[in-house]
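The values are calculated or read from the model by the stated rules, or taken from the named source; none is laboratory data. The shown structure was predicted, so the numbers you read here are calculated from the model rather than taken from an experiment. Every residue, glycine among them, receives a Cβ derived from its backbone with ideal geometry; neighbour counts consider all protein chains shown.
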Amino acid sequence: MKRKMTATVEFEKQTKTLIDDLKSVCANYGLGNDGNEFKIITQVFLYKFLNDKFVHEVKKIDPKVAKADDWEEVLKEYSDDDYEMLMLQMSESTAKIRPDHFISSLFERQNEPKFAEIFDNTLLDIAKENSDIFSVITEGGEKITLFENISKYVTDKRDEFCKAIVNKLVGFSFEGIFHEKFDFYATIFEYLIKDYNTNSGGKYAEYFTPHAVAKIMARCLVQEDVSNVTCYDPSAGSGTLLMNLAHQIGEDKCSIYSQDISQKSSNLLRLNLILNDLVHSIPNIVKGNTILDPYHKENGDLQKFDYIVSNPPFKLDFSDFRDELDSKENHDRFFAGVPNVPAKKKESMAIYLMFLQHIMYSLKDTGKAAIVVPTGFITAQSGIDKKIRQKMVENKMLAGVVSMPSNIFATTGTNVSVLFLDKVNEGDVVLIDASNLGETIKEGKNQKTVLTFNEEEKIIETFNSKEAIDDFSVVVSYEDIKAKNYSLSAGQYFEVKIEYVDITREEFENKLKGFEDKLKNLFAESKELEKEINENLKTLNYE
């Protein structure tokens, strides 16, 4: 076991070194901190991963390849028909790659004229060959393939740039990590995208939800063995929530569906699916506007899902299509209404309320969901917020709420809570106040609260067992929630404890006299202050 852990740590180190080397090449050719560096790094990394996985699968199928000192020469001896048969034996999670597309083939050809064209055409050929399974689609039906012409992002010395990339790829193989599981790939994925986790304006964008939050959501949602289920995220980002959920269920027991308006996020999600052996779900990944034009449909209506997870954007300017949402055909989906356009700050429109209503509408009759919301949502006394909570309670689909520590997301001061829905919840509702948990660490210029492993487990076990713990959790009925004006804040249900201590009459009289004396002093000070203020007022003159 120790040897396996040591090997895993070594592969993690080598993989991170490869990522750093690719970033170094980009920096040397003028692409450091360039917006296009992200496209190059992620596509080259994916090309390397798919190349090595193909070789790994071939060696499992053909013993001759596995035993050969030069496996590439063995593959070159295959006839076209034999090679097609070989590829048919592979799982759909393995991209089809031909011998002249291997990294080793590119390495041998790097001194040929116009090598950048050879490099780009190799990637484009692989993308075309695997378009049906590996393409993300847009809401308009266009395909976003695996790779593009990446040397175009370099203004000068394109051949040398592509040679430098290939030379970094040949010195390391992913073959030793294909047995690794979710935790390994989650770490690698986060390292791969950490420098690109910003939006176009340079502002941190949180393309992944903190793993502690994602883990809690997945393990509180899925408490039993299930199979052949659908998992959906209408604002998927890079897919951290979906990956955690799929891992909890079993990657081979579920199908992933998603939609996100960002092409960058959709490409990141595809990469995440490939790393986590969820290639079968890539055709369900859609780049598009979920709220205005939801893509996934069945029999003319929106598709319903077994599990939904989401960390939607909280605020966004959707004034351009606000009136389209507030239309007759959308009234069932947006039952609580559409936020009005603020007079001054359009960007403060609460779009998470739209996602929340969309999720409730998109659940199967037996469906479950977990959604990150601003903590202010759980106590709002009026408006769309309260109407949504009211429906959750009236329809008995609220399973619980976990209020998280502040700064659980490194980039926002907004306190967040996680809502858990269960359309067949037969018991009471568990409300957890985890706001006092966590350790504060510094992440760059930001402070972040991190839950310890034991704290994560405490939240999960308390939620799943519906256990009441003093000043931490409470279990309430739907009637209790109605009586509290539909508040979902655990603190409002905690009992106020009064400790009684036996004292003698003499002790009681002494305490009472002490209070009386203190009050007399305070009243005397108050009168002096009142007199001083009145005298000062008399000195004021109009000038």
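Kindly indicate whether Val65 is in a helix (DSSP H, G or I), in contact with a helix residue (DSSP H, G or I) (Cβ under 6 Å, 6 or more places away or on another chain) and not assigned by TED's automatic domain parsing to the domain that holds Leu271. Spelling it out, Val65 is indeed in a helix (DSSP H, G or I), in contact with a helix residue (DSSP H, G or I) (Cβ under 6 Å, 6 or more places away or on another chain) and not assigned by TED's automatic domain parsing to the domain that holds Leu271. Among the residues of the stretch 429-445, at least one is out of contact with any strand residue (DSSP E or B) (no Cβ under 7 Å at 6 or more places or on another chain), in a strand (DSSP E or B) and over 29 Å from Tyr232 (Cβ atoms). Can you name every residue in the stretch 427-443 that is touching a residue at least 12 places away in the same chain (Cβ under 8 Å) and not β-branched (Val, Ile, Thr)? Residues satisfying the conditions are Gly427, Asp428, Leu431, Asp433, Ala434, Ser435, Asn436, Leu437, Gly438, Glu439, Glu443.
Here is a yes/no grid of residues against (1) under 17 Å from the mean Cα position of the chain (by Cα); (2) at pLDDT 90 or above; (3) among the acidic types (Asp, Glu); (4) surrounded by 17 or more Cβ atoms within 10 Å (Cβ to Cβ):
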{"site": "Gln357", "(1), (2), (3), (4)": "no, yes, no, yes"}
{"site": "Ala369", "(1), (2), (3), (4)": "yes, yes, no, yes"}
{"site": "Thr375", "(1), (2), (3), (4)": "no, yes, no, yes"}
{"site": "Lys391", "(1), (2), (3), (4)": "no, yes, no, no"}
{"site": "Ser403", "(1), (2), (3), (4)": "no, yes, no, yes"}
{"site": "Thr412", "(1), (2), (3), (4)": "yes, no, no, no"}
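To keep it simple, each residue is scored yes or no on (1) within 22 Å of Tyr191 (Cβ to Cβ); (2) modelled with pLDDT of 90 or more; (3) surrounded by 18 or more Cβ atoms within 10 Å (Cβ to Cβ).
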residue	(1), (2), (3)
Ala212	yes, no, yes
Val226	no, yes, no
Tyr232	no, yes, yes
Leu245	yes, yes, yes
Tyr257	no, yes, yes
Leu275	yes, no, yes
Val286	no, yes, yes
Tyr295	no, yes, yes
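Taken as a whole, the structure places Asp252 among residues that are of a type outside the set (A, V, I, L, M, F, W, C), part of a helix (DSSP H, G or I) and not assigned by TED's automatic domain parsing to the domain that holds Gly141. Just checking, how many residues over the stretch 85-100 are in a loop (DSSP other than H, G, I, E, B) and closer than 10 Å to Phe54 by Cβ? Of the residues in the stretch 85-100, 6 are in a loop (DSSP other than H, G, I, E, B) and closer than 10 Å to Phe54 by Cβ. Criterion applied to Lys304, Lys253, Lys315 was being within 26 Å of Asp183 (Cβ to Cβ), surrounded by fewer than 24 Cβ atoms within 10 Å (Cβ to Cβ), among the basic types (Lys, Arg) and in contact (Cβ under 8 Å) with a residue 24 or more places away in the chain, and the one residue passing it is Lys253. Among residues belonging to the stretch 132-170 that are part of a helix (DSSP H, G or I) and of a type in the set (Phe, Trp, Tyr), point out the one that is surrounded by the fewest Cβ atoms within 10 Å (Cβ to Cβ). My answer is Tyr153.
Considering the stretch 188-198, and only residues there that are surrounded by fewer than 16 Cβ atoms within 10 Å (Cβ to Cβ) and in contact (Cβ under 8 Å) with a residue 40 or more places away in the chain, the residue that is farthest from Gly35 (Cα to Cα) turns out to be Tyr191.
Among all residue pairs at least 6 apart or on different chains, which show Cβ distances below 9 Å where the first residue, located in the stretch 223-238, is farther than 7 Å from Cys254 by Cα and the second is part of a loop (DSSP other than H, G, I, E, B) and of a type in the set (Asp, Glu)? Partner pairs satisfying both residue conditions: Gly237/Glu206. If you filter the stretch 276-318 down to residues that are of a type in the set (A, V, I, L, M, F, W, C) and assigned to a loop (DSSP other than H, G, I, E, B), you find that the one that is nearest to Gly140 (Cα to Cα) is Leu292.
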